[in-house]
Amino acid sequence: MTTSEHPSAVVASKSIFRHVIVGVDGTEAAFEACRQALRLAEPSEPIEAIAVVHLADAVKAGINAAHMTDVLARDAETALSSAARILGKRTRKRFVNGYIVEALVREIETTHATLIALGTHGHWRVTEILIGGVAGQMLHDSPCSVLIARRPAEAIGFPRSIVVGTDGSPGADIALAAANQLATRFDASLRIVAALDGKNVDVAHVRRAAPFVETVAGHPVEALVAASQGADLVVVGSRGLHGLQALGSVSERVAHEAACSVLVVRPTPPA
């Protein structure tokens, strides 16, 4: 059942799917991110596929630097071409030189992107943080909303079932509006979950904003991860934390631990 929309939150989230970029690295995980970005992006808008390669790494090859540069650039172009076949005529391809996380953040800021889609290679959360996994770092550093894409049980019709977490905060309202928007577009089922053991849960506001909310005992991470087992997409809001402050946040933990794709929604300034 799809809940009635919360008017103030709907206004805040209208632009989330307006300008989507996808990080492409030639892996199947990245191509799944392309497929899901294609579904979620506004139908009339282009999607940017971005491949980042740090060409300075080629210098370390010494005498073979020129050859290594060619190989890295060729591999990036191959990945972009494969992404373009998935994304179709809407694709804008771009090859970017630099450290991948810094380059992606710079592209988001330069292009005013509203959502970045990334694949995940299944690293355990702490391991991903320690070794510098792109998905983990972008959850902390991205100035826009982030989609962590995982292959759904049924690719056709994604997303068929959506779970959204709410606690009555402004960030949760924006996430609720985004989930409502997707549920309406795709005629998907929408389950709204409020975990009562979360910090500063405004139960009265939750029930006003979402009359069909399901209140559950327990921590929000545990509740949303459990709910993800039967869903295609979990939507969570962000409290605006970045960098080390974001470590251990509900949105960061759910994004890493959920069984399905996760959309971490951040406020997006008007176009």
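The values are calculated or read from the model by the stated rules, or taken from the named source; none is laboratory data. Since the model is a prediction, treat every value here as computed from it, not as a measurement. In this analysis, Cβ positions are derived from the backbone assuming ideal geometry, glycine residues included, and neighbour counts consider all displayed protein chains.
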- line: For the range 200-237 the number of residues that are assigned to a loop (DSSP other than H, G, I, E, B), hydrophobic (A, V, I, L, M, F, W, C) and surrounded by 16 or more Cβ atoms within 10 Å (Cβ to Cβ) is 4
- line: Scanning the range 27-42 residue by residue, the ones that are buried (at least 21 other Cβ atoms within 10 Å of the Cβ), among the aliphatic types (A, V, I, L, M) and either without any contact (Cβ under 8 Å) to a residue 24 or more places away in the chain or part of a helix (DSSP H, G or I) (or both) total 4
query: Which of the following residues is of a type outside the set (Lys, Arg), outside any helix (DSSP H, G or I) and crowded, with 17+ Cβ neighbours inside 10 Å: ILE174, ILE162?
result: ILE162
- prompt: Mind checking which pairs have a first residue in the range 63-78 that is more than 15 Å from ALA49 (Cβ to Cβ) and a second that is at pLDDT below 80, Cβ under 7 Å, 6 or more apart or different chains?
  reply: ALA65/ALA58; ALA65/VAL59; MET68/ALA58; MET68/ALA61; THR69/LEU55; THR69/ALA58; LEU72/LEU55; LEU72/ALA58
statement: For the range 170-191, pairs from a residue that is over 18 Å from LEU224 (Cα atoms) and in the same structural domain as VAL236 (by TED's automatic domain parsing) to a residue that is modelled with pLDDT under 95 and not β-branched (Val, Ile, Thr), with Cβ under 7 Å and 6 or more apart or across chains, are GLN181/SER13
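Yes/no per residue for (1) farther than 23 Å from ALA30 by Cβ; (2) touching a His at 6+ places or on another chain (Cβ under 7 Å); (3) among the charged types (D, E, K, R):
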site: VAL146; (1), (2), (3): no, no, no
site: ALA149; (1), (2), (3): no, no, no
site: GLU154; (1), (2), (3): no, no, yes
site: ARG160; (1), (2), (3): no, no, yes
site: ALA172; (1), (2), (3): yes, no, no
query: Quick one: is VAL254 within 17 Å of the chain's Cα centre (by Cα), crowded, with 16+ Cβ neighbours inside 10 Å, within 16 Å of ILE162 (Cα to Cα) and at pLDDT 95 or above?
result: no
statement: Inside the range 83-98, the number of residues satisfying the requirement of being surrounded by 15 or more Cβ atoms within 10 Å (Cβ to Cβ) and either of a type in the set (Phe, Trp, Tyr) or part of a helix (DSSP H, G or I) (or both) is 6
- prompt: Looking at the range 122-134, is at least one residue buried (at least 22 other Cβ atoms within 10 Å of the Cβ) and either among the aliphatic types (A, V, I, L, M) or at pLDDT 90 or above (or both)?
  reply: no
